[in-house]
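The values are calculated or read from the model by the stated rules, or taken from the named source; none is laboratory data. These figures come from a predicted structure and were not determined experimentally. When we count neighbours, we look across all protein chains shown, and the Cβ atoms used for this are built from the backbone with ideal geometry, even at glycine.
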Amino acid sequence: MATMREIKRRKASIQSTQQITNAMKLVSTVKLQKSRAKAERTRPYSDMMYATVNHILSCTDQIEHPYLQAGQSEKKGIIVVSSNRGLAGGYNSNIVRLIQSSGIDPADAVLYTVGKKAREALSHRGYRVVKDYSDRIESPEYSDAMEIGRRVMEDYLSQEIGEIYLVYTSFKNTVSHEPKLLKLLPIDAEAFGAGMDAEQADELPMSYDPGEAEVLDKLIPLYMNSLIYGALVESLASENGARMQAMDAATSNAEEMIDKLSLQYNRARQASITQEITEIIGGANAIG
């Protein structure tokens, strides 16, 4: 059985840890409120861009364009969004697990990472990182998404990679976050068209001015950048939500451990007092 001094020392250590986890919980709560508001403001724009591209492609017949055709390269570019810090439950490990279970061979994967945790974990598992943007996840701006999108699309058009994927954590609400893998390029026009309703299917074919190639050259990069930016802000909100939950659970666990140690300490103290009284009585009897 642990001594009173050991129990007291351990209790003080847990109390100190509890203060840290509680402080991190409060900080994450404040950050979550800001990042959540930003994610909710951004989502309608991302959804509208997706719907716009869906509508255009569904009303267009047989377009031949690099953005709609698979490249010659077997390499698959993956934009991976995680965090720079841990202590967020399964937030980062879920992203790593999703990529590993995606069916993409590590030898064919080319990573563009946003967040140190996934970069370190995937590098250790044999994935190749060609560009890291970990400093962008702390406070993502649309210009950051444009920079990432520009680099990835340059590699796509130069045949360095044949497909582009986006892996991030979608923010549902404070307690629900879902890791997602989206294919960005080449765009599957038939898959987009499958989302039409009957009224849209009866509409006249889409006409372009000055031409379909010029329109897609302008539109698809905007579509890409909007989805990347949406992924950045939703991932940040999910990270703060996951860390808030993890620190809340850690604080509660620390409270339970402190209660148990307090009980052990009181029992040990009571046993010590009882032993001292017994020794005093025994000594008195021996003298008498």
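Overview of values
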| quantity | calculated |
| --- | --- |
| Selection status of residue 28, more than 20 Å from residue 240 (Cβ to Cβ) and of a type in the set (Ser, Thr, Tyr) | no |
| Restricting the stretch 60-109 to residues that are of a type in the set (A, V, I, L, M) and assigned to a helix (DSSP H, G or I), the residue that is surrounded by the fewest Cβ atoms within 10 Å (Cβ to Cβ) | 107 |
| Residue that is closer than 29 Å to residue 115 by Cβ, out of contact with any strand residue (DSSP E or B) (no Cβ under 9 Å at 6 or more places or on another chain), in contact (Cβ under 8 Å) with a residue 24 or more places away in the chain and surrounded by 13 or more Cβ atoms within 10 Å (Cβ to Cβ), where the choices are 32, 57 | 32 |
| The stretch 1-29, residues that are in contact (Cβ under 8 Å) with a residue 12 or more places away in the chain, over 18 Å from residue 251 (Cα atoms) and in a helix (DSSP H, G or I) | 4, 7, 8 |
| Total residues in the stretch 191-239, condition modelled with pLDDT under 65 and either assigned to a helix (DSSP H, G or I) or within 30 Å of residue 27 (Cα to Cα) (or both) | 7 |
| Leading residue by the ranking (farthest from the chain's Cα centre (by Cα)) among those in the stretch 132-154 that are crowded, with 21+ Cβ neighbours inside 10 Å and not in a loop (DSSP other than H, G, I, E, B) | 153 |
